[in-house]
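The values are calculated or read from the model by the stated rules, or taken from the named source; none is laboratory data. What you see is a predicted model; the values in this text were computed from it and never measured. Cβ coordinates were reconstructed from backbone atoms using ideal geometry, including for glycine residues, and neighbour counts include every protein chain displayed. Quick note on the areas: whole protein, heavy atoms, side chains included, nothing else; ligands and nucleic acids left out. Shrake-Rupley method; radii C 1.70, N 1.55, O 1.52, S 1.80 Å.
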Amino acid sequence: MGVGGLDMLVPTPAKQPALSHVALPFRLPLRSSPSHKSILALPRSPQLCRAQTLAHEVLSSSDCFSPHARVDVLSEALPFIQRFQNKTVVVKYGGAAMKDESLKDSVIKDLVLLSCVGLRPVFVHGGGPEINQWLTKLGIQPKFEGGLRVTDGATMEIVEMVLVGKVNKSLVSLINKAGGVGVGLCGKDGRMITARPTGGGSLGFVGEVAAMDTSILHSIIKSGAIPVIASVAADREGQAYNINADTAAGEIAASLGAEKLILLTDVPGIMLDMKDPSSLVKEIDIKGMRNLIADGKVSGGMIPKVECCVRSLAQGVRTASIVDGRLPHSLLLEILTDEGAGTMIVG
């Protein structure tokens, strides 16, 4: 969906040039932002616009439409499904979608649905809130520096038990229950992620990615199963490290040559004004995003997420999206409509 050479967000001209002579069977239109619109957005057919509108309303309130309306939505989603057919999509799961049971159910069912229609999803997760709960139960006070958990030996043991033994297997069970086939893994399995200490070890056993080997994932993905990956890895000596889940997802997406990386968050996306929902930036390229960071429009905890997306794009991932995981069926909105559910960053 990205356009090569697009260096910044450009206002849309009053009229679009005729593109009927261009053979683009499944090219989807670029998204637009309130004050920043893409110059090369393709004209949308009335049918596609109707599919987008119906999809949003049906997914958020399925009881309001007749069976015929729902069938229309499925039928008119065909170009989007074809666009991602047999393509790998890496989803980082966290935030409100992990804590709210109804949102969790929505995400799991969306993931299985996408797998059923021919996409190849890979599910990467952390589990910060649950880790904190267990640390509190055991009388260990969580500590953070610069947004990263300070992880001593005792904390690392809890992190690994919770993420790999509890959260991961719970998600696998939910996927299986929804009709999919989940396969639980962590970065240690098949030496998928080789870790090294972050900041020279000042944060304890908080790690960063030193090397990737996603060979173990290829046969799982090819079989139609959904890999569910906890963000725990080990160094070359076997010492366990806690890896930021956004970072792990981005590196996995790059190593797999994924079509898309999606980070589920607790915000609508990149906003020019946090107090104005209409200022959401629907689509932006790397240079435009760097300009927003330089201008202070992107700050705080959003910067690591943006940097994760930019790194994955630089390594070959086609698009990366920061998606509002608080929206029911946000995954379907992001993939099966051109409206999306957050901000899409293109290379």
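I need the shape label for the stretch 63-151. Rule: rounded when a/c is under 1.5, else prolate if a/b > b/c, else oblate, with a, b, c from the alpha carbon gyration tensor.
On the way: a/c = 4.05, a/b = 2.22, b/c = 1.82.
Prolate, since a/c reaches 1.5 and a/b exceeds b/c.
Answer rounded, prolate or oblate for the stretch 255-347, using the Cα gyration tensor with square roots of eigenvalues a ≥ b ≥ c: rounded when a/c is under 1.5, else prolate when a/b is larger than b/c, else oblate. Don't skip to the answer; put the middle values down first.
Numbers: a/c = 1.74, a/b = 1.06, b/c = 1.64.
Taking the square roots of the gyration eigenvalues as a ≥ b ≥ c, the stretch 255-347 is oblate.
Protection proxy ranking for 322-333, 233-244, using the average of other Cβ atoms within 10 Å per residue and placing the highest first: 322-333, 233-244. Other residues within the sphere of radius under 11 Å centred on the Cβ of VAL298, judged by their own Cβ, net out at +1 (K and R +1, D and E -1). Taking the centroid of alpha carbons for each part, the stretch 331-345 and the stretch 226-245 are 29 Å apart.
Is the C-alpha gyration tensor of the stretch 99-257 telling us rounded, prolate or oblate? Criteria: a/c under 1.5 is rounded; beyond that, a/b larger than b/c is prolate, otherwise oblate. In terms of gyration-tensor shape, oblate.
Write down the accessible area per residue of the stretch 270-321 in Å², having rolled a 1.4 Å probe over the full set of protein chains.
Details: 2500 Å² over 52 residues.
So the stretch 270-321 comes to 48 Å² accessible per residue, rounded to a whole number.
Note on the stretch 70-191: with neighbouring protein chains present and a 1.4 Å probe, carbon and sulfur make up 55 percent of its accessible heavy-atom surface.
The lysine pair tally for the stretch 180-338, using Cα distances under 22 Å and a gap of 8 or more places or different chains, is 12.
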